[in-house]
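To start, the structure itself, in C-alpha cells.
The values are calculated or read from the model by the stated rules, or taken from the named source; none is laboratory data. These numbers come from a predicted model, not from an experiment. In this analysis, Cβ positions are derived from the backbone assuming ideal geometry, glycine residues included, and neighbour counts consider all displayed protein chains. SASA here: full protein model, heavy atoms, side chains in, ligands and nucleic acids out. Shrake-Rupley method; radii C 1.70, N 1.55, O 1.52, S 1.80 Å.
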Amino acid sequence: MISLAGRDILHSWSKFVLTGLGLGLLIGVTFTMAGVYRGMVDDAKVLLNNSGADLWVVQKDTLGPYAESSSIHDDVYRSILGMPGVAQAANVTYLAMQVRRGSTDVRAMVVGFEPGQPGEPGYLVAGRRVTRSHYEAVADVKSGFALGDRISIRRHDYRVVGLTRRMVSSGGDPMVFIPLKDAQEAQFLKDNDAIVNERIRTAANPALNRPGVPGLLDAINASQTSNHNVNAVLVRVAEGRSAEMVGRDIHRWKHLQVFDREQMEEILVAKLIATSAKQIGMFLVILTIVSAAIVAFIIYTMTLGKIREIAVLKLIGTHNRTIAGMILQQALGLGLIGFAVGKITATVWGPAFPRYVLLEPGDALRGFVIVMVVCTLASTLAIRAALKVDPATAIGG
Amino acid sequence: MDQGVGIRIEGLSKRYGAGETAVDALKEVNMSVAPGEVVGLIGPSGSGKTTLLKCLGAVIEPTRGRMTLGGDVIYDNAWKISDLRVLRRDRIGFIFQAPYLIPFLDVTDNVALLPMLAGRPNGEARARALELLQALDVAHRAKAETSELSGGEQQRVSIARALANRPPVILADEPTAPLDSDRALAVMRILNQMASQYQTAIIVVTHDEKIIPTFRRLYNIRDGRTFEEAGVGRALV
Ligand SMILES: Nc1ncnc2c1ncn2[C@@H]1O[C@H](COP(=O)(O)OP(=O)(O)O)[C@@H](O)[C@H]1O
Ligand SMILES: [Mg+2]
C-alpha cells in the first residue's frame, strides 16, 4: 500500500511548505516567548550566583532589595561582621535609572559595591576590576558601553574599566557597577539647590540655630548633607556554617529581614517576575490556540477540496480509517514542518532579543508533543467532514 | 449457483422516504447481464436509473427483492454480504461521468490503488495496472500525472481502474456524456473489448443517443419499471 497522505503532500508541496512555514514562524514566536520566561528565571539565578552572597540582609518587613525598596543604615554591616559564622558582609545599593552615554540615555541598574566584597560582579569578559574608590565603573555588555567609555551618572562621569555579562536586573536592564560611596551619593544625595534651601531653612529655625550653642548649626547641616543609607547588606557565611542558622541569628539580634539564596530566588522568580510570567503564559495560550486554528482551517479546506476524491475512494472500497489516517498524517506533517521551522527561527532570532532567550531542550520536547497533540485535535474537524462523505455521491444524480 | 450469470436482479424495489412523501423509485425491477455482455440502461430523467445503479453498487439499500452477483446472492430482502465496502472493492467496477481520477496519484497508481486496497503487494498491483494500461493503449502515460492527460486518456485510465480487481461486473454511469461522437464510440468499443476480454458484465447507464445503437440489448426504465428491448447492436470498428 502506498501512503496517500505522502502522495498528496508531494503533489501540493508548495502549498504545504508555505503553510508549514507560516505555522513555523508562529511556533517560533511561541518558543521565543517560553525562552524569554526561561531567560528571566535564569537571569535571576545568575544574578544571585554572581553576587557571591549567601544571605541578603534588608530593611525589616520588606522583600528588598530587588522586589521592594529597602533602606538600612550603612554601619549595620559592621555589627553583622562581628557575628559568629559571618565571613564577609558588605553594603550594596541598587538604583534603576537612566545613565548617559554621550548624548543618549541607557536604562540601567546602577549597583554600588565595595571591591573585593560580595556584590562585586563575579567575572569579567573584558578589562579589569574597579581598583579606585571613585569614578570607575564595570558595565554589563548589554548596556552597549565599551571599555574606556564615559558613563554619566547624575553629576559625575565614570570610566568603564571592565565589562561583565549576564548581569541584568529582573526588568532586564543591564547593570552598571560603581563604587559604593559614589552610588550612595547618586542615590541619596540632594542637589545643590536643595541643600542651599535646606540650610537657609535650618538657619531660620530658632530651635536649631541657637546663639548660645556654637557649632550646632554646622553639625545639623553636616548630618543633613551626608548620607548613611544602603539598600542591603550581602553576607557570605564562613566555610562549613549553615546560611540558614547564621541568617536566623542576624534576624534575631539585629531586627532585620534576612533571606538566604533559596528564599531570594523564590522572591525573584515567584513574586517579581510572576506578572511577566502570567503575561507570557497568556501569550503562549493564545499562540497555541491560533496555531490550532490555522492547522484546523488549512487541513479542513484541503479536505473540502478533496471531497469528490474522498467519495470515489470510499466507493471503490477504501477504509474510513485509511482516509482518517491520510488526513491525520497531513496534519502531523504540517506540525512537523512547523515545529522544525519554529525551532530554527527561534534559535536564529533569539540572540537578537534585548532580553536573554533561553531555549531549553525540555521545552522543545514539550513543544513538539503539544504541536503534535494540537495538530491531531485540529484534524478531527476535517476527519469528521471526510467520514460524513457519502460514497453514493460519486455516482451522479 | 448460476455460473452463467454476471448479474441478475429479480423483483427489486426501492422506496425513498416513508408515508405520504414516499417515492417508489424502483418497482419490481428484473434484469440480467451475462459475463462479457454490455447492456444499456436508458430512460428519461427521474425514471430510476441512478437509483438502480446505486442499489447494484451497494451504496444504497434496496427495499425488497434479490440481487445475484457472479453466482452469489448478495441481496435477498436484506444484504447477504457483511462488508459492502469489500464487496464494492473486489467485485464491482465503477466508471463515472467524469474520470474522477485521484489527482495526487500518478496514472499507474490510480489503477494499482485498487489491488493495493485489496491487500496485493505494490509490485504485483503495479504490474497488473500496467497490463491494463497496455490493453487500453495508455501504457505510454503510465508515469504521468493525471492532470497531464487528455480527456480521452483520462477516461481510459478510469476504465482500467474499474477493471483492476477483475470484478465480475462494471457499472458505468453516463460514461460518454461529456464526449463528442467519435470519442463516445471509442469508449463503447473499449468497453465491449474489455467485457469480452475479461468476461465482465457491464451495465451502461446513458441517455446518449450517439451510443444507444451500439447495444445489442437494452433495458428501458420508465417510472421505476424496466422493459427489456433488443438493440441495434451496431458493430464497432
Ligand atoms: N435520495 C432520494 N430521496 C428521495 N427521492 C429520491 C432520491 N433519489 C432519487 N429520488 C427520486 O427517485 C426517482 C428516481 O430518481 P433517479 O434514480 O435519480 O432517476 P434517474 O437517474 O433516472 O434520473 C425520482 O423521482 C427521484 O426524485
Ligand atoms: Mg440519474
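Restricting to segment B:170-193, name every residue that is away from chain A (no Cβ under 14 Å) and within 12 Å of the chain's Cα centre (by Cα).
The answer is B:191, and nothing else.
This table checks each residue for (1) open to solvent by 70 Å² or more (accessible area, probe 1.4 Å); (2) part of a helix (DSSP H, G or I).
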site	(1), (2)
A:346	no, yes
A:351	yes, yes
A:355	no, no
A:359	no, no
A:374	no, yes
A:382	no, yes
A:386	no, yes
A:392	no, yes
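Please tell me if residue B:155 is away from ligand 2 (no atom under 16 Å from the Cβ), open to solvent by less than 20 Å² (accessible area, probe 1.4 Å) and more than 14 Å from every other protein chain (Cβ to nearest Cβ). Show your work before the answer.
Details: away from ligand 2 (no atom under 16 Å from the Cβ): yes; open to solvent by less than 20 Å² (accessible area, probe 1.4 Å): yes; more than 14 Å from every other protein chain (Cβ to nearest Cβ): yes.
Yes.
Give segment B:22-46 a look and list any residue that's within 14 Å of ligand 2 (Cβ to nearest atom) and outside any strand (DSSP E or B), or say none.
B:43, B:44, B:45, B:46
Taking segment A:325-357 on its own, how many of its residues are more than 14 Å from chain B (Cβ to nearest Cβ) and closer than 22 Å to residue A:379 by Cα?
Of the residues in that region, 12 qualify.
Please work out if residue B:163 is open to solvent by less than 20 Å² (accessible area, probe 1.4 Å), more than 8 Å from chain A (Cβ to nearest Cβ) and either closer than 22 Å to residue B:35 by Cα or at pLDDT 95 or above (or both).
Yes, satisfied.
Could you tell me which residue of segment A:236-270 is nearest to residue A:88 (Cα to Cα), considering only residues that are open to solvent by 40 Å² or more (accessible area, probe 1.4 Å) and hydrophobic (A, V, I, L, M, F, W, C)?
Per the criteria, the residue is A:245.
Can you pull out the residues in segment B:81-122 that are touching a Pro at 6+ places or on another chain (Cβ under 8 Å) and among the aliphatic types (A, V, I, L, M)?
Across segment B:81-122, the qualifying residues are B:92, B:95, B:98.
Looking at B:53, B:130, which is the one that is within 9 Å of chain A (Cβ to nearest Cβ) and within 19 Å of residue B:195 (Cα to Cα)?
Working: B:130 fails: within 9 Å of chain A (Cβ to nearest Cβ).
Residue meeting the stated conditions: B:53.
Answer yes if at least one residue in segment B:28-36 is within 14 Å of chain A (Cβ to nearest Cβ), more than 14 Å from ligand 1 (Cβ to nearest atom) and either open to solvent by 40 Å² or more (accessible area, probe 1.4 Å) or at pLDDT below 95 (or both), and no otherwise.
There is no residue in segment B:28-36 that is within 14 Å of chain A (Cβ to nearest Cβ), more than 14 Å from ligand 1 (Cβ to nearest atom) and either open to solvent by 40 Å² or more (accessible area, probe 1.4 Å) or at pLDDT below 95 (or both).
List every residue pair whose Cβ atoms sit under 6 Å apart, with the two residues 6 or more apart in sequence or on different chains, where the first one lies in segment B:37-49 and is within 14 Å of chain A (Cβ to nearest Cβ) and closer than 9 Å to residue B:218 by Cα and the second, anywhere, is within 11 Å of ligand 2 (Cβ to nearest atom) and open to solvent by 10 Å² or more (accessible area, probe 1.4 Å).
Every condition considered, the pairs that remain are B:41/B:49.
Any idea which residue in segment B:94-113 is surrounded by the fewest Cβ atoms within 10 Å (Cβ to Cβ), counting only those that are farther than 14 Å from residue B:162 by Cβ and more than 7 Å from chain A (Cβ to nearest Cβ)?
Selected residue: B:106.
Looking at segment A:1-96, what helices (runs of 4 or more DSSP H) fall wholly within it and have at least 3 residues that are touching a residue at least 24 places away in the same chain (Cβ under 8 Å), under 17 Å from the mean Cα position of the chain (by Cα) and within 24 Å of residue A:179 (Cα to Cα)? Walk me through how you get there before you give the answer.
Values: elements: A:4-11, A:13-51, A:76-81.
Hits in segment A:1-96: A:13-51.
Can you give me the number of residues within segment B:51-85 that are within 16 Å of ligand 2 (Cβ to nearest atom) and touching a helix residue (DSSP H, G or I) at 6+ places or on another chain (Cβ under 9 Å)?
4
Please verify whether segment A:22-29 includes one or more residues that are modelled with pLDDT under 90 and open to solvent by 10 Å² or more (accessible area, probe 1.4 Å).
no
Is segment B:71-93 home to any residue that is within 12 Å of ligand 1 (Cβ to nearest atom), facing another protein chain (nearest Cβ under 10 Å) and buried (at least 16 other Cβ atoms within 10 Å of the Cβ)?
Scanning segment B:71-93, I find no residue that is within 12 Å of ligand 1 (Cβ to nearest atom), facing another protein chain (nearest Cβ under 10 Å) and buried (at least 16 other Cβ atoms within 10 Å of the Cβ), so the answer is no.
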